Amino acid sequence: MSGAGETLDPEQIKTAIEEELKKASPDWHRIEQWSRARVESDPDNVRFTVDAGHIQRLGAELVGKQDTALSELIKNAYDADATKVVLTFTDYQQPGGTLVIEDDGSGMQDDVIRSSWMRISTASKVDQPLSPIYRRVRA
(Lines give C-alpha, C1' and ligand atoms only; values in the text may rest on other atoms or scores of the structure.)
Protein backbone atom coordinates (compact mmCIF):
# COMPACT_ATOMS: atom_id res chain seq x y z
CA MET A 1 0.00 0.00 0.00
CA SER A 2 2.80 2.42 0.72
CA GLY A 3 6.42 2.76 -0.22
CA ALA A 4 9.27 4.09 1.86
CA GLY A 5 8.90 7.76 2.57
CA GLU A 6 5.33 7.94 1.29
CA THR A 7 3.05 10.13 3.40
CA LEU A 8 -0.36 8.68 4.21
CA ASP A 9 -3.36 10.40 5.71
CA PRO A 10 -4.85 8.94 8.93
CA GLU A 11 -7.49 6.91 7.09
CA GLN A 12 -4.89 5.42 4.72
CA ILE A 13 -2.73 4.51 7.72
CA LYS A 14 -5.66 2.74 9.35
CA THR A 15 -6.35 0.81 6.14
CA ALA A 16 -2.67 -0.11 5.74
CA ILE A 17 -2.54 -1.48 9.30
CA GLU A 18 -5.75 -3.46 8.80
CA GLU A 19 -4.42 -4.98 5.54
CA GLU A 20 -1.07 -5.85 7.11
CA LEU A 21 -2.78 -7.55 10.07
CA LYS A 22 -4.69 -9.82 7.68
CA LYS A 23 -1.44 -11.32 6.41
CA ALA A 24 -0.24 -14.71 7.67
CA SER A 25 3.06 -13.10 8.71
CA PRO A 26 2.48 -9.39 9.33
CA ASP A 27 5.46 -7.04 9.23
CA TRP A 28 5.34 -5.81 12.82
CA HIS A 29 7.91 -3.10 12.17
CA ARG A 30 5.71 -1.55 9.48
CA ILE A 31 2.69 -1.81 11.77
CA GLU A 32 4.64 -0.04 14.51
CA GLN A 33 5.74 2.71 12.11
CA TRP A 34 2.21 3.21 10.81
CA SER A 35 0.77 3.20 14.33
CA ARG A 36 3.25 5.83 15.42
CA ALA A 37 2.46 7.92 12.34
CA ARG A 38 -1.27 7.60 13.06
CA VAL A 39 -0.89 8.74 16.67
CA GLU A 40 1.43 11.58 15.69
CA SER A 41 -1.03 12.81 13.06
CA ASP A 42 -3.65 13.49 15.76
CA PRO A 43 -3.24 17.16 16.81
CA ASP A 44 -4.95 16.43 20.14
CA ASN A 45 -2.49 13.68 21.05
CA VAL A 46 0.88 14.49 22.64
CA ARG A 47 3.46 11.78 23.36
CA PHE A 48 6.83 11.71 25.02
CA THR A 49 9.69 10.49 22.87
CA VAL A 50 13.33 9.80 23.70
CA ASP A 51 16.33 10.15 21.43
CA ALA A 52 18.89 7.36 21.47
CA GLY A 53 21.50 9.92 22.51
CA HIS A 54 19.57 10.53 25.72
CA ILE A 55 19.70 6.86 26.57
CA GLN A 56 23.48 6.85 26.00
CA ARG A 57 23.92 9.90 28.23
CA LEU A 58 21.66 8.40 30.88
CA GLY A 59 23.64 5.17 30.84
CA ALA A 60 26.95 7.01 31.03
CA GLU A 61 25.74 9.06 33.99
CA LEU A 62 24.26 6.10 35.84
CA VAL A 63 27.04 3.62 35.18
CA GLY A 64 29.89 5.77 34.00
CA LYS A 65 32.54 4.07 36.06
CA GLN A 66 33.58 0.43 36.09
CA ASP A 67 33.20 0.12 39.85
CA THR A 68 29.65 1.56 39.64
CA ALA A 69 28.74 -0.94 36.93
CA LEU A 70 30.15 -3.78 39.04
CA SER A 71 28.20 -2.73 42.14
CA GLU A 72 25.00 -2.49 40.04
CA LEU A 73 25.45 -6.09 38.86
CA ILE A 74 25.99 -7.26 42.43
CA LYS A 75 22.89 -5.35 43.57
CA ASN A 76 20.94 -7.11 40.81
CA ALA A 77 22.04 -10.45 42.27
CA TYR A 78 20.89 -9.31 45.72
CA ASP A 79 17.50 -8.28 44.30
CA ALA A 80 17.24 -11.74 42.69
CA ASP A 81 17.62 -13.38 46.13
CA ALA A 82 21.13 -14.67 45.43
CA THR A 83 22.95 -16.16 48.41
CA LYS A 84 26.21 -16.43 46.51
CA VAL A 85 27.96 -14.13 44.01
CA VAL A 86 31.27 -15.18 42.45
CA LEU A 87 33.49 -12.77 40.55
CA THR A 88 36.17 -14.39 38.39
CA PHE A 89 38.83 -12.14 36.88
CA THR A 90 40.88 -13.53 34.00
CA ASP A 91 43.84 -11.77 32.37
CA TYR A 92 43.04 -8.71 34.49
CA GLN A 93 46.57 -7.35 34.07
CA GLN A 94 46.13 -7.29 30.28
CA PRO A 95 43.97 -4.97 28.17
CA GLY A 96 40.79 -6.83 27.29
CA GLY A 97 40.82 -8.93 30.45
CA THR A 98 37.64 -10.73 31.44
CA LEU A 99 35.34 -10.51 34.42
CA VAL A 100 32.64 -13.16 34.84
CA ILE A 101 29.95 -12.58 37.44
CA GLU A 102 27.91 -15.61 38.50
CA ASP A 103 25.17 -15.80 41.10
CA ASP A 104 22.54 -18.24 42.27
CA GLY A 105 19.69 -15.74 42.09
CA SER A 106 16.30 -16.44 40.60
CA GLY A 107 17.04 -14.77 37.27
CA MET A 108 14.48 -13.00 35.10
CA GLN A 109 11.83 -14.32 32.78
CA ASP A 110 11.69 -12.89 29.26
CA ASP A 111 8.56 -10.85 30.03
CA VAL A 112 10.26 -9.24 33.06
CA ILE A 113 13.32 -8.36 30.98
CA ARG A 114 11.07 -6.69 28.41
CA SER A 115 8.66 -4.95 30.78
CA SER A 116 11.04 -3.90 33.56
CA TRP A 117 14.73 -4.22 32.83
CA MET A 118 14.53 -2.84 29.27
CA ARG A 119 12.11 -0.05 30.24
CA ILE A 120 13.50 3.28 31.44
CA SER A 121 12.11 4.49 34.78
CA THR A 122 9.88 1.49 35.31
CA ALA A 123 7.91 1.37 38.56
CA SER A 124 8.66 -2.33 39.07
CA LYS A 125 10.70 -1.76 42.24
CA VAL A 126 7.94 0.47 43.61
CA ASP A 127 5.24 -2.05 42.67
CA GLN A 128 7.29 -4.99 44.00
CA PRO A 129 9.56 -3.53 46.70
CA LEU A 130 10.50 -6.89 48.22
CA SER A 131 12.29 -9.83 46.64
CA PRO A 132 10.09 -12.92 46.28
CA ILE A 133 12.04 -15.47 48.36
CA TYR A 134 13.84 -13.65 51.18
CA ARG A 135 11.63 -10.54 51.16
CA ARG A 136 14.69 -8.30 50.81
CA VAL A 137 14.10 -4.61 50.21
CA ARG A 138 15.24 -4.14 46.63
CA ALA A 139 18.48 -2.25 46.14
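The values are calculated or read from the model by the stated rules, or taken from the named source; none is laboratory data. Being a predicted model, the structure only gives us computed values, none of them experimental. Heads up, the Cβs are rebuilt from the backbone with ideal geometry, glycines too, and the neighbour counts pull from every protein chain shown. The accessibility values were calculated without ligands, DNA or RNA, using every heavy atom of the protein model including side chains. Shrake-Rupley method; radii C 1.70, N 1.55, O 1.52, S 1.80 Å.
A few points about this structure:
- For the chain, carbon and sulfur atoms together expose 52% of the accessible surface, with a 1.4 angstrom probe and every protein chain in place.
- In a reduced charge model with +1 at each Lys and Arg Cβ and -1 at each Asp and Glu Cβ, segment 39-139 shows a dipole moment near 360 debye about its Cα centre.
- Of Asp79, Asp91, Asp42, the one that fluctuates the most in a GNM where the chain has Cα springs shorter than 10 Å: Asp42
- In the chain, lysine pairs closer than 18 Å at Cα, eight or more apart or cross-chain: 5
- Probe 1.4 Å, all protein chains present, accessible-area order of Thr98, Thr7, largest first: Thr7, Thr98
- Taken per residue, the accessible surface of the chain reaches 81 Å², heavy atoms only and a 1.4 Å probe.
- Surface calculation, 1.4 Å probe, protein heavy atoms: Lys65 sits at approximately 140 Å² accessible.
- Rounded, prolate or oblate (a/c below 1.5 giving rounded, otherwise prolate when a/b exceeds b/c) for the chain by Cα gyration tensor: prolate
- Highest-MSF residue in the chain out of Arg38, Arg114, Arg57 [GNM, Cα springs under 10 Å]: Arg38
- Gap separating the Cα centres of segment 69-139 and segment 23-41, nearest whole Å: 34 Å
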